[in-house]
Every structure is written in C-alpha cells, then in structure tokens.
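**Q** One structure coming up, written as structure tokens, with questions to follow.
The values are calculated or read from the model by the stated rules, or taken from the named source; none is laboratory data. Computed from a predicted model, the values in this text were never measured in an experiment. Cβ atoms come from the backbone with ideal geometry, glycine included; neighbour counts cover every protein chain shown.
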C-alpha cells in the first residue's frame with residue numbers, strides 16, 4: 001500500500017545503533033524523497049536528512065518550505081529575475097506561487113498575481129497587483145519575463 005506525503009515534521013522518537021541518542025525528543029523536519037509515507041502516523045528517515053527546528057518555527061511552515069521552498073528556489077535560479085522584469089504568477093495564493101510573488105517583489109519586479117476564489121482574494125497582499133477578470137483591449141504590460149503556472 002502506498003502512503004502519500006513526502007515532507008514531515010515532528011519529534012524524533014527513536015534512533016538506530018550508531019546514531020546520537022541526544023536526537024531523541026528534538027523537533028525536526030525532513031523530506032522523505034520519492035518513497036513518501038509522510039501521511040503515516042510515524043516515518044523513518046536518514047539522520048543526515050533531518051533538519052532541526054527551533055522552538056519558534058511552526059512545523060506546518062517548515063514542512064511547506066522543505067519541498068515547496070526548494071522547488072521555488074530552483075525556479076527562481078533558472079528565471080534570474082531582476083527589478084526590470086514583469087512576472088505573471090498563476091495560483092499566486094498557493095505555496096510556490098506565493099513564494100515566487102514575494103521574491104519577485106523583493107527584487108523590484110512588476111508582479112501580477114492570479115488566483116481563484118473569493119477566499120484567496122481576501123487574503124491577498126494589497127501590495128501585489130491582481131487580475132480578477134480580463135477585458136479585451138485593456139492596457140497592460142507589454143512583455144512578461146516569467147510566467148509561472150501551477151496546477152495541483
């Protein structure tokens with residue numbers, strides 16, 4: 001039976017022989033790789049892949065950054081955005097989309113975020129221009145250096 005989930009956070013319950021027993025009880029986050037199993041009540045991971053969490057770090061945010069954060073960093077590395085760029089981000093209220101929006105804004109790029117559903121619009125940062133509907137013939141950016149479409 002396949003158990004989904006690749007990222008988990010929790011406390012170390014046990015360690016195998018040869019592993020520092022001081023890890024027991026520590027808060028950690030880990031990416032389980034292609035094996036998955038993160039939705040199980042317990043998970044097993046290589047000690048080298050554990051990332052220790054400070055007490056103030058929210059485990060849900062840490063889990064989001066393990067997979068989503070790495071993917072976003074790879075996208076941004078390839079994109080090489082600058083302050084002169086225009087970036088259109090679909091699913092901009094989602095995990096990867098919201099991180100792309102934040103970094104593009106930090107770099108000074110013009111960002112247009114697209115998201116569906118009124119609940120997402122209510123949470124949307126007012127500093128990011130949004131496109132709720134399109135009308136043919138309206139003026140807008142003439143070019144776009146990065147268009148990120150996220151489905152999932």
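**Q** Restricting attention to segment 27-43, which residues are surrounded by 13 or more Cβ atoms within 10 Å (Cβ to Cβ) and either over 21 Å from the mean Cα position of the chain (by Cα) or farther than 21 Å from residue 55 by Cα (or both)?
**A** 32, 36, 37, 38, 40, 43, listed by residue number.
**Q** Given (1) in a loop (DSSP other than H, G, I, E, B); (2) surrounded by 11 or more Cβ atoms within 10 Å (Cβ to Cβ); (3) out of contact with any strand residue (DSSP E or B) (no Cβ under 9 Å at 6 or more places or on another chain), identify the lone condition not met by residue 71.
**A** Tallying (1) in a loop (DSSP other than H, G, I, E, B); (2) surrounded by 11 or more Cβ atoms within 10 Å (Cβ to Cβ); (3) out of contact with any strand residue (DSSP E or B) (no Cβ under 9 Å at 6 or more places or on another chain), residue 71 fails exactly one: (1).
**Q** Going by the structure shown, is residue 77 surrounded by 14 or more Cβ atoms within 10 Å (Cβ to Cβ), under 18 Å from the mean Cα position of the chain (by Cα) and within 30 Å of residue 89 (Cα to Cα)?
**A** no
**Q** Continuing with this model, one more query. In segment 46-60, what residues are under 14 Å from residue 15 (Cβ atoms) and assigned to a loop (DSSP other than H, G, I, E, B)? Steps first, please.
**A** Pass one, segment 46-60, residues under 14 Å from residue 15 (Cβ atoms): 46-50, 52.
46, 50, listed by residue number.
**Q** A further question on this structure: If residue 50 satisfies all but one of (1) modelled with pLDDT under 90; (2) touching a helix residue (DSSP H, G or I) at 6+ places or on another chain (Cβ under 8 Å), what's the number of the condition it fails?
**A** Checking residue 50 against (1) modelled with pLDDT under 90; (2) touching a helix residue (DSSP H, G or I) at 6+ places or on another chain (Cβ under 8 Å), the one that fails is (1).
**Q** Give the number of residues within segment 93-117 that are outside any strand (DSSP E or B), at pLDDT 85 or above and either over 17 Å from the mean Cα position of the chain (by Cα) or surrounded by fewer than 20 Cβ atoms within 10 Å (Cβ to Cβ) (or both).
**A** Count: 7.
**Q** Is it true that some residue in segment 9-22 is modelled with pLDDT under 90, surrounded by 10 or more Cβ atoms within 10 Å (Cβ to Cβ) and within 24 Å of residue 95 (Cβ to Cβ)?
**A** Within segment 9-22 (the criterion being modelled with pLDDT under 90, surrounded by 10 or more Cβ atoms within 10 Å (Cβ to Cβ) and within 24 Å of residue 95 (Cβ to Cβ)), the answer is no, since none of the residues qualifies.
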